[in-house]
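Below is one structure; the comments refer to it alone.
The values are calculated or read from the model by the stated rules, or taken from the named source; none is laboratory data. Values in this document were obtained by computation on a predicted structure and should not be read as measured data. With ideal geometry, Cβ positions are generated from the backbone for all residues, glycine too; neighbour counts draw on all protein chains shown.
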Amino acid sequence: MKTAEETKAAIEAAVPGAGVTIVPNPSPSAQHSLRLDPSHAIAVAKFLRDDEELSLDFLSNVTGVDYLDKEIAEKVKVTRQVAKTVDGVEQMVEETVEETRKHVEPGYLEAVYHLFSMKKKHGPVVLRMRTANRTDKVELPSFTPIWRSAEFQEREIFDLYGIVFTGHPDLRRLLMWPEFKDHPMRKDYLEPDDFDYEPTAHDKVLERAKVHQGSSGGQQGAEAAR
Amino acid sequence: MAADQDLKIELGKQGVFVTTIEELYNWGRRSSVWPMQFGLACCAIEMIATTMARYDLARFGAEVFRPSPRQADLMIISGTVTKKMAPQVVRLYNQMAEPKYVIAMGACAISGGPFKQGYNVLKGIDRYIPVDVHIPGCPPRPEALLQAFMTLQKKIDGQSLTGADRPRHLNAETNCEFPVPAQGDHDLEPPSNRLVWPLPAVTK
């Protein structure tokens, strides 16, 4: 089987300007993945499936990952003109000051595909695609027309992460009801506040249950409800 | 108005059988509790095992699993109730004819169990419909379900047909219709039926 580098080279030879980057996996498994550019992803996927040597004819798993917006603080040295009194005379002196600058790196949603070859008995080849952000530009091309087994799994990702797969034949929610508005597997998902009865609360549940204790919770709340 | 037990036995020895309408009525009710044929998760497998020859639910007159709620007396909530499924469960319960009973089977049906904090898991079906018997376990053994059946039979046997605590179907004033929760934008609405499930006191 080809290594990630060889697969990348094969893709780039077949699909010009495919824009494949290797996402290294530092763990002992060294299962590096290939990050695809969404605009060329369909062509790349077709190549991976139909190529004689790779023939990745089986899509075993599709999953989603959520990366939150990251605030990065950097320390930068800045030289500034500062007024100072030296020997009784006011002078402008240059001084280097350390400043922390913060900038926000936008988060993104990621779809991960695991491909195997039934014909050649090899795999997995791991593909990743990232959306532009987490809010409005969440479209990714669907691989369902290429591997049929992606259908339900992409629906599940659409449901739980909110990635919109363009070209999917039947993109509806899979697990949650159609009226549901949130995406529960996103890291910033907040479950509805139904922690009014938690007899064995601890950790995060305890924190949320505490709000209900006192005036509105417990025995008094039960009596008020009756 | 139960007949004196000693007198009944004495009369029985003489070949005279004495009973009351209440006893006969409750005997009939408890000996033909027909469950509804419906399972929600892995507890349903244990429920099926209970009906098979080894555990033989037929001994309790409850082997006839009915595929229609109109013909069923007992709803066994056998498994996790998801928020997507909860309205259907309540609707099925509403469609059952009185007298009707509910057994909440297993940790999930009681409280959400191991999946309690899940985004799609109802924290116990007793938030929407009245539950007669709760059985803990994950899943409960068939013996535990039989125990629940016997507990339910005792409960039916103990009911008097008149008075304030008479069964719901003999009391014209009680409401037998339970509101079906709506699936809202973020959660079921309402999140619980306070008339069925007044907030239990948390004991520390």
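So the values come out like this:
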read-out	value
Unique match (being in contact with a strand residue (DSSP E or B) (Cβ under 7 Å, 6 or more places away or on another chain) and either on the phi < 0 side of the Ramachandran plot or not hydrophobic (A, V, I, L, M, F, W, C) (or both)) among B:31, B:68, B:78	B:78
Residue in the stretch A:174-190 that is in a loop (DSSP other than H, G, I, E, B), more than 10 Å from chain B (Cβ to nearest Cβ), of a type in the set (A, V, I, L, M) and over 20 Å from residue B:187 (Cβ atoms) present	no
Matching residues, the stretch B:183-202, being facing another protein chain (nearest Cβ under 8 Å) and in a loop (DSSP other than H, G, I, E, B)	B:184, B:185, B:186, B:187, B:191, B:192, B:194, B:198, B:199, B:200, B:201, B:202
Residue in the stretch B:165-176 that is outside the structural domain of residue B:100 (by TED's automatic domain parsing), more than 21 Å from residue B:89 (Cβ to Cβ), surrounded by fewer than 13 Cβ atoms within 10 Å (Cβ to Cβ) and β-branched (Val, Ile, Thr) present	no
Every residue from the stretch B:145-182 that is within 14 Å of chain A (Cβ to nearest Cβ) and more than 24 Å from residue B:76 (Cβ to Cβ)	B:182
Residues satisfying the stated conditions in the stretch A:87-141, i.e. among the aliphatic types (A, V, I, L, M) and within 29 Å of residue A:75 (Cα to Cα)	A:92, A:93, A:97, A:104, A:109, A:132
Leading residue by the ranking (nearest to residue A:143 (Cα to Cα)) among those in the stretch A:7-42 that are crowded, with 17+ Cβ neighbours inside 10 Å and of a type in the set (Gly, Ala, Ser)	A:41
Any chance residue B:104 is crowded, with 18+ Cβ neighbours inside 10 Å, under 16 Å from the mean Cα position of the chain (by Cα), away from chain A (no Cβ under 14 Å) and small (Gly, Ala, Ser)	yes
Residues of the stretch A:68-117 satisfying the condition of being within 19 Å of the chain's Cα centre (by Cα) and either exposed (fewer than 12 other Cβ atoms within 10 Å of the Cβ) or not in a strand (DSSP E or B) (or both)	A:68, A:69, A:70, A:71, A:72, A:104, A:105, A:106, A:107
Odd one out for residue B:150 among (1) surrounded by 21 or more Cβ atoms within 10 Å (Cβ to Cβ); (2) in contact with a helix residue (DSSP H, G or I) (Cβ under 8 Å, 6 or more places away or on another chain)	(1)
Unmet criterion (only one of (1) in contact (Cβ under 8 Å) with a residue 60 or more places away in the chain; (2) hydrophobic (A, V, I, L, M, F, W, C); (3) farther than 25 Å from residue A:185 by Cα) for residue A:41	(3)
Condition check for residue A:158: in contact with a Lys or Arg (Cβ under 9 Å, 6 or more places away or on another chain), at negative phi, more than 14 Å from every other protein chain (Cβ to nearest Cβ) and free of Cβ contacts under 8 Å to residues at least 24 places away in the same chain	yes
Cβ-Cβ under 9 Å pairs, at least 6 apart or on other chains, the stretch A:190-204 side not assigned by TED's automatic domain parsing to the domain that holds residue A:160, far side surrounded by 13 or more Cβ atoms within 10 Å (Cβ to Cβ) and of a type in the set (Val, Ile, Thr)	A:195/A:205; A:197/B:202; A:198/A:205; A:198/B:202; A:199/B:202; A:201/B:202
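Quick grid of which residues meet (1) more than 22 Å from residue B:169 (Cα to Cα); (2) surrounded by 22 or more Cβ atoms within 10 Å (Cβ to Cβ); (3) not assigned by TED's automatic domain parsing to the domain that holds residue B:149:
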| site | (1), (2), (3) |
| --- | --- |
| B:38 | yes, no, no |
| B:42 | yes, no, no |
| B:45 | yes, no, no |
| B:54 | yes, no, no |
| B:62 | no, yes, no |
| B:81 | yes, yes, no |
| B:84 | yes, no, no |
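The rows are residues; the columns are (1) touching an Asp or Glu at 6+ places or on another chain (Cβ under 8 Å); (2) acidic (Asp, Glu); (3) modelled with pLDDT of 95 or more.
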{"residue": "B:85", "(1), (2), (3)": "no, no, no"}
{"residue": "B:98", "(1), (2), (3)": "no, yes, no"}
{"residue": "B:114", "(1), (2), (3)": "no, no, no"}
{"residue": "B:138", "(1), (2), (3)": "no, no, no"}
{"residue": "B:145", "(1), (2), (3)": "yes, no, no"}
{"residue": "B:148", "(1), (2), (3)": "no, no, no"}
{"residue": "B:152", "(1), (2), (3)": "yes, no, no"}
{"residue": "B:162", "(1), (2), (3)": "no, no, no"}
